[in-house]
Amino acid sequence: MSAIPPDTTRRPPARTRRSGRAALVAAVCAALTATVAGCAAEDPDAGTNGVGKLPAQQIEAKARAAAAGTDTVRLSGKVVSQGATYTLDMRLAKNGARGELTTKATSFQLLRIDDALYLKADASFWVGEKSGSAATAAKLGNKYVKVPAADPVYQRFSGFTDKDTLLAGLLGLHGELTAGNRGTVGGVRTVQVAAGSGSGGTLDVSLEGTPYPLRFQRAGGAGELTLADWGKSVDLKTPDQSQVVDYGKRISQTGG
């Protein structure tokens, strides 16, 4: 009987086999960890304030509460109202506001400190607004005109300087609300609340920090507004007296 040849296949030591299995397990675990991390990175609510997970009505409510609970904001953009287009850039505070309002015909500055409203415009504004003489308008042009509260000019433009009134009038969402679309406004992640068609609109709410409203697009192409600088101080100072015309009741007596 011939001799059985020796087995030349050498199995690795048990320690080596265990080490290989451990390396394989580690590689698999690393791959699974990377996959899980990748899924987490795609979560639109990861690292946010969590409002994106709420129903649309609650998102809107939180945005309104955040706006009402903060004294200052900068509101800018365009608004179409009663057939007129207004471009505004207003810094609103609890006790007043300052900024600029532009229409197709003219532009002017508004400043309100408590109940005192000042309007600064060129002479052509006053001619058109009050149908006054060129001489009278020239005295008012490029001055801060202190407008009496009973004057129609005060009634017409003071609303643009009242934070609560302005936001309540401009940020209205009407109809059934839906939410879910994500985006950014000024580099800040947002969730969008959309209202029904017609008089609806869309509101972008911050997913970072306090859920402030950051942008409002009015339905029907009636304008788009950006809200920024929430909580930042607004510099409200009475103009130098040399730049002020206290026209008093005489404005109403010029006609118009």
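Taking all protein chains as present, what is the carbon and sulfur share of the accessible area of region 52-246, in % to the nearest whole number, probe 1.4 Å?
47
Hey, can you grab everything whose amide H is under 5 Å from the amide H of D246? Only 5+ residues off in sequence or another chain; H modelled, so Pro and N-termini drop out.
Close amide H contacts, sequence-distant or interchain: K146.
What fraction, in whole percent, of alpha-carbon pairs in region 118-222 exceed 21 Å separation?
Value for region 118-222: 55 percent of Cα pairs lie more than 21 Å apart.
Calculate the spin-label point distance for V80 paired with D164, positioning each point 7 Å from the Cα along the beta-carbon direction, and give it in nanometres.
According to this spin-label approximation, the distance is 3.1 nm.
Using heavy-atom solvent-accessible surface (probe 1.4 Å) with all chains present, what is the largest-first order of W230, W126?
W230, W126
Suppose all protein chains stay in the model; what accessible area per residue would a 1.4 Å probe give for region 52-246, in Å²?
49
Not counting ligands, DNA or RNA, and with a 1.4 Å probe, what is T184's accessible surface area in Å² rounded to the nearest 10?
That residue has around 90 Å² of solvent-accessible surface.
Ordering K120, K53 by how much accessible area each has at a 1.4 Å probe, largest first, what is the list?
K53, K120
Peptides 108-116, 202-210: what's the order by average Cβ count within 10 Å, highest mean first?
Ranked from most to least packed, the peptides come out as 202-210, 108-116.
If one computes the Cα centroid of region 71-101 and of region 128-207, what distance in Å separates the two points?
If you average the Cα positions of each part, the centres end up 5 Å apart.
For region 65-75, in order, what is each residue's ³J(HN,Hα) by Karplus, 6.51 cos²θ - 1.76 cosθ + 1.60 with θ = phi - 60°, in whole Hz (x at glycine and Pro)?
5, 5, 5, 5, x, 10, 6, 10, 6, 9, 10
Under a straight-distance cross-link criterion of Cα-Cα below 19 Å, which aspartates and glutamates are reachable from K78, leaving out those fewer than 8 residues away in the same chain?
D89, E100, D162, D164, D204, E224, D229
The values are calculated or read from the model by the stated rules, or taken from the named source; none is laboratory data. These figures come from a predicted structure and were not determined experimentally. No Cβ is skipped: glycine too gets one built from the backbone with ideal geometry, and neighbour counts run over all protein chains shown. For accessibility, only protein heavy atoms count, side chains too; no ligands or nucleic acids. Shrake-Rupley method; radii C 1.70, N 1.55, O 1.52, S 1.80 Å.
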